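The values are calculated or read from the model by the stated rules, or taken from the named source; none is laboratory data. Here the structure is a predicted model, which is why all the values come from computation and not from measurement. Here the Cβ positions follow ideal geometry from the backbone for every residue, glycine too, while neighbour counts run over all protein chains shown. With ligands, DNA and RNA removed, areas are computed over all heavy atoms of the protein, side chains included. Shrake-Rupley method; radii C 1.70, N 1.55, O 1.52, S 1.80 Å.
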Amino acid sequence: MDPRFRLLILATLAVFSSVAAALADPAPFDLSGPTLEVNVARDGQTLPISEVPNLAPGDRLTIKADLPATQSARYLLVVAFLRGSTNPPPSSWFSRCDTWTRRCAAQGLTVRVPPDAQQVMVFLAPKTGGDYRTLVGAVRGQPGSFVRASQDLNQATLDRSRLESYLASIRALNDSDPSKLKEVAPLLGRSLSIQVDQKCLQKIPELQAPCLMQGQDSLILNDGHSTSIVEELTSGPTSDLAMEASYTPELRYGYYSPYVASVLDIARIMASFATAQYQYIPALASQQDDRLVLTLNAAPSFHNPKSVLVAALPAVERPQLPPLHAVDPKEIYCARKSSLVLPVEGAPLVFSTRYAHDMKLMLTGSGGRAIELAAKADAEQGGFVVDTGHLGAASLGDTIHGSLAGYWGFEKYSGPDFQLMNAHTQTWELDPGQGGALIVGRQDTVHLRAASISCVDSIMLKDPAGKQLKVQWKTVKPGDMELDLPLKQVQPGSMMLLVKQYGAGAPQPVPLEAFSEAGHLDGFTIYAGDSQGVLKGSRLDEVASLDWAGIEFLPGALSTSLATDELSMAAKDPKAAAALMPGAGTNVKVTLKDGRVLRLESIVGAPRPSVVLIGKSVEPSGSSSGSNIELADQDEVPQDAVLTFSVRTQSPSTFGREEQIEVATADESFSTVLSLANRGITLESSRVAVATLDPDKAFGASAFGPLKFRVVANTVTGAWQPLATLVRLPQLKALKCPATPELACKLSGSDLFLVDALSADPKFQHAVEVPDGFPGYALPVPHPTDGQLYVRLRDDPSVVNLAALGVQQLPPSPAESARAAVRHAAAQSDESQSFDIPAPSENPADLSSDGPPAPAPSASDKSAQVAPQSEPSGRSSGQSGLAHSN
């Protein structure tokens, strides 16, 4: 094959490879390249390249390649000036410097910007034969491609400076204090015109930074200022093609992004004139003082096609001053604030570059004297940070005018104006209605207002004990602060806010009063004809009185159910309260014990339903009769019996079909509702109803004590009335007694724990008390003197009942006969009578058999307690006996 043809094929393949690479996703610029040192001199002033946003004709540029001493590959440094896409530059606009020579390595290349120049390109090309002529020919042959490459490289450099500033701050905060990200990230986004995902700020601090740095290709927002700096677009076929390419699907990032679509344009443009000898690699420049640190997205090649690094310097154009403006032009700032921040926005390059330098805040003091304070842009704080430490004792008026000023490159720059003030004594007041509503035991929020709050340094809360607590606060709007008062651990009483201002003397006091949590009032219910009502809500123990149109009600019993308080309120003048007409309404005034007054609306309800109890009867069950206990009080109802009672309605005049009767225990822990629907009520007539209650079915086996009832009509309840006393009966089976009266009897049965005490006399002078929770089936009892045994039930110990049991006589045992003989002999010898102590072989306390029983209580015994006794059948055979003291 002809070598020339082979060379043509290789060159064609190289071009197609470059084009294919350009059409693919752009490689990230993460490969470190060489560094250029660049300084710009104009009118006798020299600035590092990082402070120069634009060049001007006549500027003198000093450019030097900072290559390591061990650099083996020889690079040719070429500087080219361009003058538009359709006007090729003359050969004299190209300058070269052989970096491997001593002079170039030491002094670099010095050139002057010619008139009519618009762009400046810097090339680093590997040394080959004809390298300089080849490069000059490529630029002069396609000037529009390099014009567009210059513009896109500058745009990408500026956008990348914003993104790098943002990411650097996020990383630093994540390493030092992740909790500040939620506060700082929005300020960074505003300052650098970076899109901040608010959802990231809702995550825990440790996850916020990774979230905020996701999707870097879409974080950069359109910024008119950085666009205007490189917006000197030219016309012509190449430029049009490049612009059209930026809207292809491959450029999905949009025109503005951290690695903007212009990077793909550069790749396309560079690929369009790649040859078998050279390929062009774009280099993004990161500005650091007088150094341009180049970053590449492809590794340079030193084989054909060799790689030429292409970098761009700022455009040659008129200066584009930053459109900086105050975030809130109406805000007033404190001139003596130690950390004075003037919030600004609209020019992100002010924060991401050093184009704005030597910035100062210009103040006009009293007498018109100008005062300059150093100012520095800080994206994390969202504005310029001013050092006010040099103010010292400078004389300033109450109101001060200030403005930012400095340099934008070589140009003087005047920034936005600000209104400032000095700290001075002023009137502080709480938001109306909040001063008397502070509650201790929780964090409370109030608004504090003054003519100006810009000079507030700190706020302390002095509690009633004299302890000072720090108050967190924030500005809501000019003249209005929101304070979070730390009232969790303080006591109610008079307190003081201490407001300290920058540059002022002693803090100003603001008095306030804090209370315990006020009761929440749900409503006050009173019915016509009643002299008392019920107040519902929470913390009603703080209520001192209630006023209903001049009728004073005082608190009575307080009850709580389901986290709601109910407080009975009784009228001091019962007749006046009872005379209130149904439907009458008023604004009730409730006065608390600490003097606060709460109000609520209330209406007098219709008269409550009421009935009168006519009669009642008890139908015992079979187990009730088997208890062998005769109840002495007609109001006692056995738990397994059926209670029937009748009532006559008083209000309303007749029974309604929906009326019910509620029956409950005294504490209302057990209750049931009787109605026509559940057949608990039967109407004898329109005015008389007969109710039937089965306590066992309605309440179960654990209900006992006094029962009460009331009528319920349309959710309105009548007054509670006493009904009966519910008692649970033990089953008493047998009472076995020895012939000798001095010895105790044995009572057997079940559920004996329901017995409170037993006695041989109705006055219970010699009673045996049954311990709580007695689990036995037998117990010793006094020997009945008149054949009767008396019982007090645990469910109603005030009533003495009779045990209907016949006494079963036990035959005397030999030991009992011997003791009787001894007693008889002792009596004849006039000796004192005493009890015999059983021999060790005997066990008079053993009542598990019909052997000798224990001695009965003596006449001096007032009461005795028993221990559990086992049933004689195969149950546990625990011992029991009479425990008494002489």
Given (1) on the phi < 0 side of the Ramachandran plot; (2) free of Cβ contacts under 8 Å to residues at least 12 places away in the same chain; (3) not in a strand (DSSP E or B), index of the condition T560 fails: (3)
Residue match in segment 300-310 (condition: surrounded by fewer than 17 Cβ atoms within 10 Å (Cβ to Cβ) and either touching a residue at least 24 places away in the same chain (Cβ under 8 Å) or among the hydrophobic types (A, V, I, L, M, F, W, C) (or both)): yes
Condition met for A744 (of a type in the set (G, A, S) and either within 30 Å of T644 (Cβ to Cβ) or touching a helix residue (DSSP H, G or I) at 6+ places or on another chain (Cβ under 7 Å) (or both)): no
G583 being open to solvent by less than 70 Å² (accessible area, probe 1.4 Å), out of contact with any Pro (no Cβ under 9 Å at 6 or more places or on another chain), small (G, A, S) and assigned to a strand (DSSP E or B): no
Test result for H390, open to solvent by 60 Å² or more (accessible area, probe 1.4 Å) and assigned to a strand (DSSP E or B): no
Residue within segment 468-475 that is crowded, with 18+ Cβ neighbours inside 10 Å and out of contact with any Lys or Arg (no Cβ under 7 Å at 6 or more places or on another chain) present: yes
Residue that is farthest from A606 (Cα to Cα), among those in segment 565-580 that are in a strand (DSSP E or B) and either at pLDDT below 90 or open to solvent by 50 Å² or more (accessible area, probe 1.4 Å) (or both): D565
Filter pass, A504 being modelled with pLDDT under 90, under 30 Å from A579 (Cα atoms) and surrounded by 16 or more Cβ atoms within 10 Å (Cβ to Cβ): no
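Every residue, every condition in (1) touching a helix residue (DSSP H, G or I) at 6+ places or on another chain (Cβ under 9 Å); (2) at pLDDT below 90; (3) under 28 Å from V196 (Cβ atoms), yes or no:
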position: E345; (1), (2), (3): yes, no, yes
position: R354; (1), (2), (3): yes, no, yes
position: G367; (1), (2), (3): no, yes, no
position: I371; (1), (2), (3): no, yes, no
position: A374; (1), (2), (3): no, no, no
position: A379; (1), (2), (3): yes, no, yes
position: A405; (1), (2), (3): no, no, no
position: T425; (1), (2), (3): no, yes, no
position: G441; (1), (2), (3): no, yes, no
Qualifying positions in segment 453-470 - in contact with a Ser or Thr (Cβ under 8 Å, 6 or more places away or on another chain) and among the hydrophobic types (A, V, I, L, M, F, W, C): I453
Cβ-Cβ under 9 Å pairs, at least 6 apart or on other chains, segment 527-545 side part of a helix (DSSP H, G or I), far side at pLDDT below 90 and among the basic types (K, R): D541/K593; E542/K593; E542/R596
Test: residue in segment 153-170 that is over 29 Å from E345 (Cα atoms), of a type in the set (A, V, I, L, M) and either touching a residue at least 24 places away in the same chain (Cβ under 8 Å) or in a helix (DSSP H, G or I) (or both): no
So A739, is it under 30 Å from R819 (Cα atoms), among the small types (G, A, S) and surrounded by fewer than 19 Cβ atoms within 10 Å (Cβ to Cβ): yes
Residue within segment 136-149 that is open to solvent by 10 Å² or more (accessible area, probe 1.4 Å), without any contact (Cβ under 8 Å) to a residue 24 or more places away in the chain and over 33 Å from the mean Cα position of the chain (by Cα) present: yes
Failed criterion for P797 (all others in (1) open to solvent by 20 Å² or more (accessible area, probe 1.4 Å); (2) touching a Leu at 6+ places or on another chain (Cβ under 8 Å) hold): (2)
Set L554, L562, L498, L535: member being surrounded by 18 or more Cβ atoms within 10 Å (Cβ to Cβ) and either out of contact with any Asp or Glu (no Cβ under 8 Å at 6 or more places or on another chain) or more than 30 Å from L391 (Cα to Cα) (or both): L535
Test: residue in segment 191-214 that is touching a Gly at 6+ places or on another chain (Cβ under 6 Å), in a helix (DSSP H, G or I) and at pLDDT 75 or above: yes
Residues of segment 586-599 satisfying the condition of being open to solvent by less than 30 Å² (accessible area, probe 1.4 Å) and at pLDDT 90 or above: V588, V590
Selection within segment 683-723 - of a type in the set (A, V, I, L, M, F, W, C) and on the phi > 0 side of the Ramachandran plot: none
Any strands (runs of 3 or more DSSP E) falling wholly within segment 759-813 and containing at least 1 residues that are modelled with pLDDT of 90 or more and more than 21 Å from E742 (Cβ to Cβ): 789-793, 796-803
Residue among A80, A69 that is free of Cβ contacts under 8 Å to residues at least 12 places away in the same chain and either more than 23 Å from R133 (Cβ to Cβ) or in a strand (DSSP E or B) (or both): A69
